[in-house]
Amino acid sequence: AGREGDIVGFMAMDIEKTIRSYSKIYRKALVEGKIKDIDDEITIYEKRLREMYNSDAFQKHSSYPSTNAVHVYAVIAMCLGLKHYDLSDSQIIDIINSGFSARRNFFKRLLQCIDRMPNAYQIVRKWNISDHDKRVKDGSLTYDYFRVSERKIEYCISKCVYIEMFETYGIRSLCKIFCMTDTTSYENLTRHVIFIRHSDLSDGNCCHDEIID
């Protein structure tokens, strides 16, 4: 029933409006990346994303409430488009991130405000506990362990639906674009928080992080 509700909810939204919205972001990224024949690439992108949203894989992956499959699939479609050019993974990630710069800068400013608060670590601690509970509840992440003490959180994730979505389209390594959101976020929370990433699932066997007061 949960999955059916998610699918019906998505179908009720304006799919074409969603595709157009992400097309604008992709166009901005292509301009920043100095990609040629942008109009042709945008046409291909919209067709690709439309087909992806209508796929059985999307129906499966959109069943996790804590994961925005609409957004992830839009990014995957961008990655697939850029794979046709002679670009490295890091170049593809940089180009796509440039398209989302406005959103990223807003989030960056928010984190910098939190970083100035004396209870910044406690805020981060609550975020992580809440996120863990949501992920365990819907099964989007599998934790080998999640250890919480007063001044430290450490966890190891061995299975991740983000990785599964990228693997479905044969581009697991490009899931790094989502794995990196943690590291880039904590770069703006340095006054009260130490973040250590030992490994992530885009190119390793697990996602192993430590978050320390």
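The values are calculated or read from the model by the stated rules, or taken from the named source; none is laboratory data. None of the values given here were measured: they were computed from a predicted structure. Glycine also receives a Cβ, built like all others from the backbone with ideal geometry; neighbour counts cover every protein chain displayed. Quick note on the areas: whole protein, heavy atoms, side chains included, nothing else; ligands and nucleic acids left out. Shrake-Rupley method; radii C 1.70, N 1.55, O 1.52, S 1.80 Å.
Considering only residues that are assigned to a helix (DSSP H, G or I), open to solvent by 80 Å² or more (accessible area, probe 1.4 Å) and closer than 12 Å to C207 by Cβ, which ones fall in the range 125-148?
Matches in the range 125-148: none.
I'm trying to understand the selection: among the residues of the range 29-44, which are in contact with a Leu (Cβ under 8 Å, 6 or more places away or on another chain) and closer than 18 Å to R104 by Cα?
If the condition is that a residue be in contact with a Leu (Cβ under 8 Å, 6 or more places away or on another chain) and closer than 18 Å to R104 by Cα, then G33 is the only one that fits.
Can you name the condition, by its number, that R172 falls short on among (1) surrounded by fewer than 19 Cβ atoms within 10 Å (Cβ to Cβ); (2) closer than 27 Å to D89 by Cα; (3) in contact with a strand residue (DSSP E or B) (Cβ under 8 Å, 6 or more places away or on another chain)?
(3)
Across the range 149-169, which residue is most open to solvent (accessible area, probe 1.4 Å) among those that are of a type in the set (V, I, T) and within 19 Å of V75 (Cα to Cα)?
Among residues in the range 149-169 that are of a type in the set (V, I, T) and within 19 Å of V75 (Cα to Cα), the one most open to solvent (accessible area, probe 1.4 Å) is T168.
Can you spot a residue in the range 65-84 that is farther than 22 Å from T168 by Cα and modelled with pLDDT of 95 or more?
Scanning the range 65-84 turns up no residue that is farther than 22 Å from T168 by Cα and modelled with pLDDT of 95 or more.
Would you be able to tell me the number of residues in the range 76-111 that are open to solvent by 30 Å² or more (accessible area, probe 1.4 Å), among the aliphatic types (A, V, I, L, M), more than 21 Å from M52 (Cα to Cα) and not in a loop (DSSP other than H, G, I, E, B)?
Total meeting the criteria: 2.
Results for (1) charged (D, E, K, R); (2) farther than 21 Å from D94 by Cβ; (3) open to solvent by 50 Å² or more (accessible area, probe 1.4 Å); (4) outside any loop (DSSP other than H, G, I, E, B), shown as yes or no for each residue.
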residue: T181; (1), (2), (3), (4): no, no, yes, yes
residue: T184; (1), (2), (3), (4): no, no, no, yes
residue: L189; (1), (2), (3), (4): no, yes, no, no
residue: H192; (1), (2), (3), (4): no, yes, yes, no
residue: D209; (1), (2), (3), (4): yes, yes, no, yes
